[in-house]
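Engineer: Before I ask anything, let me first share the structure, which is written out below as structure tokens.
What follows is calculated from the coordinates using simple rules that are stated; it is not laboratory data. On a predicted model such as this, the values are computed, not experimentally measured, just so you know. Glycine also receives a Cβ, built like all others from the backbone with ideal geometry; neighbour counts cover every protein chain displayed.
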Amino acid sequence: MIEASKDSDASSRLTCGMVGGGAGAFIGDVHRKALAFDAKATLVAGSFSRDPSKSLATGRSLGLSADRLYGGYAEMAASEARRDDKIDFVVIVTPNNLHFPVAKVFLENGINVVCDKPLVLTSKQAEELKALAAAKNLLFCVTYTYTGYPMVKQARAMVRNGDIGEIRFVTAEYAQDWLATALETTGQKQAAWRTDPEQTGIANSVGDIGTHAENIVSYITGLSIASLCARLDTFVKGRRLDDNATVMVNYASGAKGLYWVSQIAIGNDNDLRVRVFGSKGAIEWAQQDPNYLKVSYLDKPVEQLSRGRDRLYPDAAGTSRIPGGHPEGYFEAFSNVYRSFCDALAKKRAGQPLGPEERDFPGLDAGASGVKFIEKCVESSRKGGTWVGVD
Ligand SMILES: NC(=O)c1ccc[n+]([C@@H]2O[C@H](COP(=O)([O-])OP(=O)(O)OC[C@H]3O[C@@H](n4cnc5c(N)ncnc54)[C@H](O)[C@@H]3O)[C@@H](O)[C@H]2O)c1
């Protein structure tokens, strides 16, 4: 007989529930698959749709027990909180407008939260969640997926170690073309809610992908935005929110930046690309070729670091899962965010203190910063593209 080690004991695993992610949804299913990579948490409960019968059908298809399938998220939070085996955390994968009420009710019921981006619709809501999570001593993760890529972690470690010197200029592009036509009028539900201010918030492209650009720059460089100047465009007739935006940025350090995000950039699937120019060198990472990092110095040939092959900093090497040349991608990046979060939560559950290095997952500060970025971009654009301070 093989004796189970304590680590592999299923009873020591975390459990979670999910709000959103019903049949036909995009990101809920990605979260479930990413969670399965390391099996550090098991999905046991859910309210997967605003329609209870659809929620039930999704829960059954996932093999969950009927007594943990709920008709609504508030009922789920209250019922789970009463159980001895209550979920350790909830995963929120609904349209943006529900992030705040759902996160709030779970925090109030003493349950840790993983929430997709953008965190909430207003800075006031973000501050309320920060205060609530702190008062209840709960962990909160905002799933900015791109922070989970090993080569993004390598870029961050190189900047931290001064390999490219003092940062002078940053560019971030996030180009897509899926909203180049009025897809929202065809019944495509992801397009419909993203272009509806009631469900998505005050911005579309800036909220949906601009926050990823803001977050990945902040994660890699540690720079904080002091002021920005934005122009939000709406190219598709009848659309109520932006589908393209250009943002100039001044960082507190004196460095400068330029972000371009677009959903009408024909020929682009999901082209997130970041370039960081320092006084000694430069680095470039592209989401569609995520296993490599381009590194340039003035006096050397251009280098291309390969995940899983070249000697990388420990953060990057430790999150690489298979040898180089076997491409890793979006699922692995997502699972790395979950691995960091679950390890931190397991440690906290065991009553052990958490050091800052054990919190390598985006939290409420990152989420709040994304919300502030959206608000300031909209404010600047509405004022005709003037510079606005970001406090
Ligand atoms: N991290 C990333 O890279 C990434 C990628 C895509 C989407 N997202 C974010 O994930 C969230 C969901 O996006 P999506 O594209 O998966 O949307 P989606 O429309 O595909 O899915 C939303 C799901 O929420 C469910 N829902 C709606 N109201 C509900 C309620 N009251 N109770 C329970 N479930 C409810 C819907 O039925 C649906 O199943 C958004 O906030 C989006 O910004 C993040």
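Engineer: Just to check I understand the Karplus step: with θ = phi - 60° and J = 6.51 cos²θ - 1.76 cosθ + 1.60, what whole-Hz values come out for region 246-257, glycine and proline as x?
Structural biologist: Calculated HN-Hα couplings, in order: 10, 9, 9, 10, 10, 8, 4, 6, x, 5, 10, x Hz.
Engineer: Can you give the helix-only mean residue ellipticity at 222 nm for the chain, where every DSSP H stretch with n ≥ 4 adds -39500 (n - 2.57) and the sum goes over all residues, rounded to the nearest 500 deg cm²/dmol?
Structural biologist: Working: 12 runs with 131 residues, N = 391.
Rounded to the nearest 500, the figure is -10000 deg cm²/dmol.
Engineer: Also, quick follow-up: Given H placed 1.01 Å from N in the peptide plane, which residues other than close sequence neighbours of Thr15 have an amide H under 5 Å from its amide H?
Structural biologist: Thr42, Asp88, Phe89
Engineer: Taking the highest mean first, how do the peptides 51-61, 67-77 order by number of other beta carbon atoms within 10 angstrom per residue? Please report the intermediate quantities before stating the final value.
Structural biologist: Working: 51-61: 16.3, 67-77: 19.1.
Answer by packing, highest mean first, reads 67-77, 51-61.
Engineer: Farthest toward the dipole's positive end in the chain, which of Tyr146, Asn204, Ile264, given Cβ charges of +1 (Lys, Arg) and -1 (Asp, Glu) about the Cα centre?
Structural biologist: Among Tyr146, Asn204, Ile264, the one farthest towards the positive end of the dipole of the chain is Asn204.
Engineer: Among the lysines, which have Cα under 29 Å from the Cα of Lys347 when same-chain residues fewer than 8 positions away are ignored?
Structural biologist: Lys6, Lys33, Lys40, Lys86, Lys104, Lys117, Lys130, Lys136, Lys153
Engineer: Show the residues, 5+ positions off or on another chain, whose built amide H is closer than 5 Å to the amide H of Ser227.
Structural biologist: Those lying under 5 Å, H to H, from Ser227 are Asn250, Val390.
Engineer: Same structure, new question: Taking the Cα centre of each part, how many Å lie between region 179-225 and region 76-106?
Structural biologist: Using only Cα atoms, the two centres lie 24 Å from each other.
Engineer: Related question: Considering only DSSP beta bridges where both residues belong to the chain, give the percentage that are antiparallel (nearest 5).
Structural biologist: Numbers: 38 of 64 bridges.
The answer is about 60 percent antiparallel.
Engineer: What list of ³J(HN,Hα) values in whole Hz, one per residue of region 69-78 in order, does the Karplus curve 6.51 cos²θ - 1.76 cosθ + 1.60 (θ = phi - 60°) give from phi, with Gly and Pro shown as x?
Structural biologist: Here the 3J(HN,Hα) series is 10, 10, x, x, 6, 5, 4, 5, 4, 5 Hz.
Engineer: Apply the Karplus curve 6.51 cos²θ - 1.76 cosθ + 1.60, θ = phi - 60°, to the phi angles in region 13-25 and return the couplings in whole Hz, x for Gly and Pro.
Structural biologist: Going residue by residue, I get 5, 6, 10, 9, x, 9, 10, x, x, x, 4, x, 6 Hz, with x marking Gly and Pro.
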